[in-house]
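The values are calculated or read from the model by the stated rules, or taken from the named source; none is laboratory data. Given the structure is predicted, the values throughout are model-derived calculations rather than measurements. Cβ: placed from backbone, ideal geometry, glycine included. Neighbour counts: every protein chain shown. Side chains are part of the model used for accessible areas, which takes the heavy atoms of the whole protein and leaves out ligands, DNA and RNA. Shrake-Rupley method; radii C 1.70, N 1.55, O 1.52, S 1.80 Å.
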Amino acid sequence: MITALIDYESGNLHSAEKAFQRMARETGAGEVVVTDDPEIVSRADRIVLPGDGAFPACRRALFEHSGLFEAIDEAVNARGRPFFGICIGMQMLADTGHEYQETPGFGWIGGEVTAISPADPALKVPHMGWNDLVIDHAHPVLDGIKTGTHAYFVHSYHFRVADEAERLAHCDYGGAITAIVGRDNIFGTQFHPEKSQGPGLAIIANFLRWVP
């Protein structure tokens, strides 16, 4: 079993790599490989797409790696491999991002990524730090995760999903902020599970066990 952690030069992968490797050992999920090689991605049993920074820059960096997105797309949408998007890796699942400029996303989960605008002016943007989750829909990757569980966020834009059934969890930051999305074999978190201590590791372990 191989879990491909996609390296497209968009953020520091060290903490994510360590967290996924640790939970792969604990769950017997096989090898975690950090890669930008489409051949390895095409053979992978699971795919993880992290992302830090701005939506347009992350998308551009991903597509500049020749054949990489095509390998991810085929593995996920043609062969049903489990997929986990983290932070901007989750946001890119949307139809469109509006950070700095209008940028097309993957269109895998309908909706748009727009600026956070809290109803309470005392709340600062970016939304940074710990916030508690509100679980909207049960999901195997959320086994053991309940409303009130804390996760670590760092972002200024958020995913407004078109279909509320695909918003698995949210948090409150002067209004509802999408925290987790999912459908079929696709799952994503706005927060960083690798920085969310025990609950984040539990989500990673659940993903590595998940058979959609």
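Please go through segment 49-75 and give me each residue that is crowded, with 22+ Cβ neighbours inside 10 Å and touching a residue at least 60 places away in the same chain (Cβ under 8 Å), ordered by number. Selection gives 55, 72. Being over 16 Å from residue 49 (Cα atoms), touching a strand residue (DSSP E or B) at 6+ places or on another chain (Cβ under 8 Å), free of Cβ contacts under 8 Å to residues at least 60 places away in the same chain and open to solvent by 10 Å² or more (accessible area, probe 1.4 Å) holds for only one residue in 152, 157, and it is 152.
Take the conditions (1) of a type outside the set (Ser, Thr, Tyr); (2) within 24 Å of residue 83 (Cβ to Cβ); (3) open to solvent by 70 Å² or more (accessible area, probe 1.4 Å); (4) in contact with a strand residue (DSSP E or B) (Cβ under 6 Å, 6 or more places away or on another chain); residue 136 misses just one of them, which is (3). Among (1) under 20 Å from residue 97 (Cα atoms); (2) assigned to a loop (DSSP other than H, G, I, E, B); (3) not aliphatic (A, V, I, L, M), where does residue 147 come up short? Failing condition for residue 147: (1).
Checking the condition open to solvent by less than 10 Å² (accessible area, probe 1.4 Å), in a strand (DSSP E or B) and either within 17 Å of residue 207 (Cα to Cα) or of a type in the set (A, V, I, L, M, F, W, C) (or both), which residue from 20, 84 passes?
Answer to the check: 84.
Suppose the filter is in contact with a Cys (Cβ under 6 Å, 6 or more places away or on another chain) and in a loop (DSSP other than H, G, I, E, B); does residue 51 pass it? Yes: the conditions hold for residue 51. Contact annotation: residue pairs with Cβ atoms under 9 Å, 6 or more positions apart or on different chains, pairing a residue in segment 20-35 that is free of Cβ contacts under 8 Å to residues at least 40 places away in the same chain with a partner that is in a strand (DSSP E or B) and open to solvent by 50 Å² or more (accessible area, probe 1.4 Å), are 21/31. Of all the residues in segment 1-19, those that are free of Cβ contacts under 8 Å to residues at least 40 places away in the same chain and hydrophobic (A, V, I, L, M, F, W, C) number 1.
On inspection, residue 190 fails the criterion of being among the polar types (S, T, N, Q), touching a strand residue (DSSP E or B) at 6+ places or on another chain (Cβ under 9 Å) and open to solvent by 40 Å² or more (accessible area, probe 1.4 Å). Selection of segment 117-141 for residues being assigned to a helix (DSSP H, G or I) and either out of contact with any helix residue (DSSP H, G or I) (no Cβ under 7 Å at 6 or more places or on another chain) or more than 27 Å from residue 54 (Cα to Cα) (or both) yields only 140.
Pairs meeting the criteria (first residue in segment 88-114 and open to solvent by less than 20 Å² (accessible area, probe 1.4 Å), second residue basic (Lys, Arg), beta carbons under 7 Å, at least 6 apart or on different chains) are 92/59; 103/59; 109/183; 111/160.
Please specify each residue of segment 109-131 satisfying the condition of being over 24 Å from residue 195 (Cα atoms) and in contact with an Asp or Glu (Cβ under 8 Å, 6 or more places away or on another chain). Within segment 109-131, 109, 110, 111, 112 qualify.
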